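Participant: Below you will find the structure I want to go over with you.
Please treat every number below as a calculation from the coordinates, not as lab data. Source: prediction; values computed, not measured. Cβ: placed from backbone, ideal geometry, glycine included. Neighbour counts: every protein chain shown.
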Amino acid sequence: MTDPAHVQSRPDEQTAAAPPVVDVRDLRVHFKVHRGLFGSQLVKAVDGVSFSIAAGETLGLAGESGSGKSTVARTLVRINRPTDGSVLLSGAETARLSGQELRAYRRRMQMVYQDPYDSLDPKMTIKDAIGEGLTVRGVPRARRKSEVEELLARVNLPVALAGRYPGQLSGGQRQRVSIARALAVSPEVIVCDEAVAALDVSIRAQVLNLLKDIQADAGVSYLFISHDLSTLRFMADRIAIMYVGRLVEYGTSEQVFAAPAHPYTQALIAAVPDIAALGGPRPAPLPGEPPNPASPPPGCAFHPRCPLAVELCRTVAPPLVRKANGQLAACHVVPDAPEVAR
Amino acid sequence: MDLVADVITVEHLTVAFPAKEGTGEVVRDVSLAIGAGERVGLVGESGSGKSLTARAIMRLIPQPGRVTNGTVLFDGAELGANSAPTKWRGTKIAMITQDPLSSLNPLVKIGTQITEMLRYHRRLSRTEARGKAEELLRSVGIPDPRRTMTRYPAVLSGGMRQRVALAIAISCEPRLLIADEPTTALDVTVQAQVLTLLERMTAEHGSAVLLISHDLGVVGNFCDRLLVMYAGRIVESGPTATVIGAPAHPYTRALLSSIPSLRGELPDRLASIPGSPPHGGGKASGCAFAPRCPLAREVCRQTDPALLKISDLRTVPADSHQAACHALGDENWNQAA
């Protein structure tokens, strides 16, 4: 595939020496969905996505339901297999690993899920859940207790909780346990899939601050997935916006929020009811709904909802290229950067 | 407040569940009034009692909970215990919930569910009802109403289902519409559509709205007035601009500063509230927020503060701003703490 996206996938030139921790190139994840007795249909959940994450950096991935953002997360931790494309971890290809090598890979790439009630074993005490990760890392039994206590302290949980079960904890405490559990294997990357979405507003800030502290201490990289743009603005250094399996915009957090290039990003930002914009005029909402990824519209998938759509958008999917205001966007109408600036 | 103009008046409402410890009161002494055409927001975290307040108004408190105190007046008259709920539910007060999949009957076609309302409550004939249903569905922005009426709820998208639920809710032109987290399950672009629609439909019919949400952004942008609930009590109430612009209660203040924004300076850390909200009702004594409150003192742990008007203490223009906090207006509070 000669998708221009992966030729120039980085909004900031990486500082030449160190390769990014995660480098995803032209990732495709397709599913065969059975329809009726003999029929089957190909759902292109992720269709040519490229991004990279530097050490100690947070990439925010936003999109509505059906955009494929969770599939990207699940493919990175290899719950799903990539259909095509490559996933480089510290420069080494990992997309086709299996067996022992895959287990080793998973130690370096951890995931924190939306609902810790589903991801923690209800019949396992907190210290066993965290201790499991330590076993995987090969921590000797004698040191396990002190390491569990250290991890609990790191996520600001009292040591007294070690003997409890997930059901005895509050939502915020459970999410801290999942974070401690992810940290137990000393991963390089933690994928947070809607990690604070299920938490109460007053608890969210605690967990977000904690994630930032851990990053400052351990230099871990995050792929932070959220539908909540204000949370992403706080967490992420760079932002990727997905729509039906593809990136439509990719740039630094500052660029994307200050001057969104793609009409979808603009609509998404405008649709957020922000308390800081109280009493201001409300923009007319974007019409329509995100399409079913099983049957996306031809051309640019956003064209049926797009206020700028022209004839070309109906037939040809636009490539992700650098736009005049600096970031990458996939849109025929928004003017490209002049050639020299590339 | 002018009682005559109020569509609904709730006074001293208390809802309790049997509890091993504590009072089990999940809604405590809640009073509120909503005037015709007014939009009031009820904000709170999970377990704050906001949904149960709405359910108490609808008399839908799940067993074994019960209303232990308080009255609900509709147009100044009590919705008596002996008047059957079918006489007013849906026609005078309607409700939409977070996921219409659980409020729509999954085995009945959309068309039947709407015409049922119109035929039963408004005594329309079968053909009249069908015509009216089509008109309603079109007005909530459903592209092909006639075809949608032959379909089942499960095949519609979340946004479309919420539109159908809204069409059913307004079909009998209720005086009060209670919307309990109506957009929480929806994508943000669809949320904006549904809120705009909710605004237009209720304005057209002159319905009062009680919008319940955990999202301060949603209620802040939609409502004229806000009520903030914590552990079963209203801890602050007032005009939206005042509550958000000049919050008086430490909980409201902390909540507002813990939300990241799309605009303005980006903080390194978010202000956060230590601890977590209590579940299953408040304690027997003291302010429920005291364990998490930066201003808490001995008196807060002993007596629950009353909800007081604060217009005379600060230079707040409206006289309807209220908060329940001992620290309010106490000049020496911070030094003495």
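Participant: Can you list the lysines whose alpha carbon is less than 27 Å from that of A:K323, not counting same-chain residues fewer than 8 positions off?
Facilitator: By straight Cα distance, A:K323 reaches A:K44, A:K69.
Participant: Also, quick follow-up: Be a star and scan the range B:201-218 for residues whose amide nitrogen sits under 19 Å from the point 7 Å along the Cα-to-Cβ vector of B:S320.
Facilitator: Those under the cut-off are B:202-204, B:206-213.
Participant: Here's a follow-up. Please get the size of the charge dipole for the range B:101-173, origin at its Cα centre, with Cβ charges of +1 on Lys and Arg and -1 on Asp and Glu, quoted in debye to the nearest 20.
Facilitator: Details: 13 positive and 6 negative charges, 34 e Å.
The dipole magnitude comes to about 160 debye.
Participant: So how long is each side of the range B:118-254 along the principal axes, counting just the alpha-carbon atoms, biggest first, in Å?
Facilitator: 56, 30, 24
Participant: To continue, here is another question. Give the residue from B:G111, B:G44, B:T97 lying farthest towards the positive end of the charge dipole for the range B:1-131; charges sit on Cβ (+1 for Lys and Arg, -1 for Asp and Glu) and the dipole is referred to the Cα centre.
Facilitator: Of the options given, the answer is B:G111.
Participant: Here's a follow-up. At 7 Å along the Cα-to-beta-carbon direction for both A:I79 and B:E128, put a label point, then send me their distance in nm to one decimal.
Facilitator: 5.3
Participant: Along its three principal axes, how long is the range A:222-303 when you only count alpha carbons? Whole Å, largest extent first please.
Facilitator: Each principal axis gives a Cα extent; for the range A:222-303 these are 37, 33, 19 Å.
Participant: Determine the percent antiparallel among the DSSP beta bridges restricted to chain A, to the nearest 5. Kindly include the intermediate steps, with their values, before the conclusion.
Facilitator: Working: 30 of 47 bridges.
Among the beta bridges of chain A, antiparallel pairing accounts for roughly 65 percent.
Participant: Roughly what % of DSSP beta bridges within the protein assembly as shown run antiparallel, to the nearest 5? Kindly include the intermediate steps, with their values, before the conclusion.
Facilitator: Details: 56 of 92 bridges.
Counting only bridges with both partners in the protein assembly as shown, antiparallel ones make up about 60 percent.
Participant: Here is a follow-up. Just tell me the longest site-free run in chain B, where the sites are GluC sites (Glu not before Pro) in a DSSP loop having at most 11 other beta-carbon atoms within 10 Å. Spell out each step's value before the answer.
Facilitator: Values: sites that count: B:E21, B:E265, B:E331.
Within chain B, the longest run free of exposed GluC sites (Glu not before Pro) spans B:22-264.
Participant: Sticking with this structure for a sec: Tell me, what is the percent relative contact order of chain B, built from C-alpha pairs under 8 Å that lie six or more residues apart? The partial results should precede the final answer.
Facilitator: On the way: 636 pairs, mean separation 69.4, N = 337.
Reported as a whole number, the value is 21 percent.
Participant: So, one more: Collect residues whose amide H, placed 1.01 Å from N in the peptide plane, falls under 5 Å from the amide H of A:T58; neighbours closer than 5 in sequence don't count.
Facilitator: Amide H neighbours of A:T58: A:Y222, A:D237, A:R238.
Participant: Mean residue ellipticity at 222 nm from the helices of chain A, using -39,500 (n - 2.57) per DSSP H segment of n ≥ 4 over the full residue count, to the nearest 500 deg cm²/dmol?
Facilitator: Values: 11 runs with 105 residues, N = 342.
Taken over chain A, the calculation gives -9000 deg cm²/dmol.
Participant: Only counting other Cβ atoms within 10 Å, I'd like A:R204, B:R151, B:R130 sorted with the fewest neighbours first. Mind dumping the intermediate values first?
Facilitator: Details: A:R204 23, B:R151 15, B:R130 18.
Placing the least packed residue first, the sequence is B:R151, B:R130, A:R204.
Participant: Report, to one decimal in Å, the Kirkwood hydrodynamic radius for the range B:101-173 based on all distinct Cα pairs.
Facilitator: Details: mean 1/r = 0.0846 Å⁻¹.
With all distinct Cα pairs of the range B:101-173 included, I get 11.8 Å.
Participant: Sticking with this structure for a sec: Using the Cα centre of the range B:199-254 as the reference point, and only Cβ charges (+1 on K/R, -1 on D/E), how large is the resulting charge dipole? Debye, rounded to the nearest 20. Let's see the in-between values first.
Facilitator: On the way: 4 positive and 5 negative charges, 38 e Å.
Around 180 debye, computed over the range B:199-254.
Participant: Shifting gears a bit: In a Gaussian network model over chain A where Cα atoms closer than 10 Å are linked, find which of A:A216, A:A240, A:A184 has the largest mean-square fluctuation.
Facilitator: Among A:A216, A:A240, A:A184, the largest GNM mean-square fluctuation belongs to A:A216.
Participant: If you don't mind, there's one more thing I want to ask. Just to check I understand the Karplus step: with θ = phi - 60° and J = 6.51 cos²θ - 1.76 cosθ + 1.60, what whole-Hz values come out for the range A:32-41, glycine and proline as x?
Facilitator: Ordered by residue, 3J(HN,Hα) equals 9, 10, 7, 10, x, 6, 10, x, 8, 9 Hz.
Participant: Another question about this same structure. How long are the semi-axes of the ellipsoid equivalent to chain A, from square roots of 5 times the Cα gyration tensor eigenvalues, in whole Å, largest first? Walk me through the numbers before you get to the answer.
Facilitator: Numbers: eigenvalues 252, 102, 83 Å².
One finds semi-axes of 36, 23, 20 Å for chain A.
Participant: Also: Using only atoms on other chains, find how many Cβ atoms lie within 10 Å of each Cβ of peptide A:203-210 and report the average. Provide the component values of the computation, followed by the final result.
Facilitator: Values: counts 8, 5, 11, 7, 2, 5, 7, 1.
Whole-number average of other-chain Cβ neighbours for A:203-210 is 6.
Participant: What is the dipole size for the protein assembly as shown, taken about its Cα centre, with +1 at each Lys and Arg Cβ and -1 at each Asp and Glu Cβ, in debye to the nearest 20?
Facilitator: Values: 74 positive and 67 negative charges, 421 e Å.
Dipole size: approximately 2020 debye.
Participant: Under 1.5 on a/c is rounded, so check that first for the protein assembly as shown, then, if it is not, pick prolate when a/b is larger than b/c and oblate when it is not; a ≥ b ≥ c are the square roots of the alpha carbon gyration tensor eigenvalues. Spell out each step's value before the answer.
Facilitator: Details: a/c = 1.75, a/b = 1.24, b/c = 1.41.
The shape class here is oblate.
Participant: Related question: What residues qualify as long-range amide H neighbours of B:I8, i.e. H under 5 Å apart, gap of 5 or more or another chain, H built at 1.01 Å from N?
Facilitator: Hits under the 5 Å cutoff: B:I34, B:D75.
Participant: How large is ³J(HN,Hα), in whole Hz, for each residue of the range B:133-149 in order, when computed from phi with the Karplus curve 6.51 cos²θ - 1.76 cosθ + 1.60 and θ = phi - 60°, using x for Gly and Pro?
Facilitator: Couplings: 4, 4, 4, 4, 5, 5, 5, 8, x, 8, x, 10, x, 4, 6, 4, 5 Hz.
Participant: Using the charge dipole of chain A (Lys, Arg: +1 at Cβ; Asp, Glu: -1 at Cβ; taken about the Cα centre), state which of A:Y222, A:L157, A:G133 has its Cα farthest towards the positive end.
Facilitator: A:G133
Participant: Got a sec to turn the phi values of the range A:276-281 into Karplus ³J(HN,Hα) couplings, 6.51 cos²θ - 1.76 cosθ + 1.60 with θ = phi - 60°, whole Hz, x for Gly and Pro?
Facilitator: 6, 10, 4, x, x, x
Participant: Just to verify a number: FRET efficiency for A:A276 and A:N156, C-beta to C-beta distance, R0 = 22 Å, to 0.05?
Facilitator: That gives a FRET efficiency of 0.20.
Participant: Give the long-range amide H neighbours of B:I178: residues separated by 5 or more places, or on another chain, with amide H under 5 Å away, using H modelled in the peptide plane at 1.01 Å from N.
Facilitator: HN-HN under 5 Å from B:I178: B:A94, B:M95, B:I96, B:L210.
Participant: Taking the range B:37-139, which chymotrypsin sites (Phe, Trp or Tyr not before Pro) meet the DSSP loop condition and have no more than 15 other C-beta atoms within 10 Å? Working shown, then result.
Facilitator: Numbers: sites: B:F74, B:W88, B:Y120; in loops: B:W88.
Listed in order of number, the matching sites amount to none.
Participant: Going by a ≥ b ≥ c, the root eigenvalues of the Cα gyration tensor, does chain B fall in the rounded group (a/c under 1.5), the prolate group (a/b larger than b/c) or the oblate group? Let's see the in-between values first.
Facilitator: Values: a/c = 2.05, a/b = 1.70, b/c = 1.21.
Prolate, since a/c reaches 1.5 and a/b exceeds b/c.
Participant: What 222 nm value per residue comes from the helices of chain B, counting each DSSP H run with n ≥ 4 as -39,500 (n - 2.57) and dividing by all residues, nearest 500 deg cm²/dmol?
Facilitator: Numbers: 12 runs with 104 residues, N = 337.
That calculation yields -8500 deg cm²/dmol at 222 nm.
Participant: Order these by the 10 Å Cβ neighbour count, fewest first: A:S226, B:S31, A:S146. All intermediate terms of the calculation are to be shown ahead of the outcome.
Facilitator: Numbers: A:S226 22, B:S31 16, A:S146 10.
Sorted ascending by nearby Cβ count, the order is A:S146, B:S31, A:S226.
Participant: Where in the range A:73-154 are there trypsin sites (Lys or Arg not before Pro) that are in a DSSP coil and have at most 14 other Cβ atoms within 10 angstrom of their Cβ?
Facilitator: Details: sites: A:R74, A:R78, A:R96, A:R103, A:R106, A:R107, A:R108, A:K123, A:K127, A:R137, A:R141, A:R143, A:R144, A:K145, A:R154; in loops: A:R78, A:R96, A:K123.
Those that pass, being in a loop and sparsely packed, are A:R96, A:K123.
Participant: Taking the beta-carbon count within 10 Å as an exposure proxy, list A:S70, B:S272 from fewest neighbours to most. Walk me through the numbers on the way to the answer.
Facilitator: Values: A:S70 22, B:S272 18.
Ranking A:S70, B:S272 by Cβ neighbours within 10 Å, fewest first, gives B:S272, A:S70.
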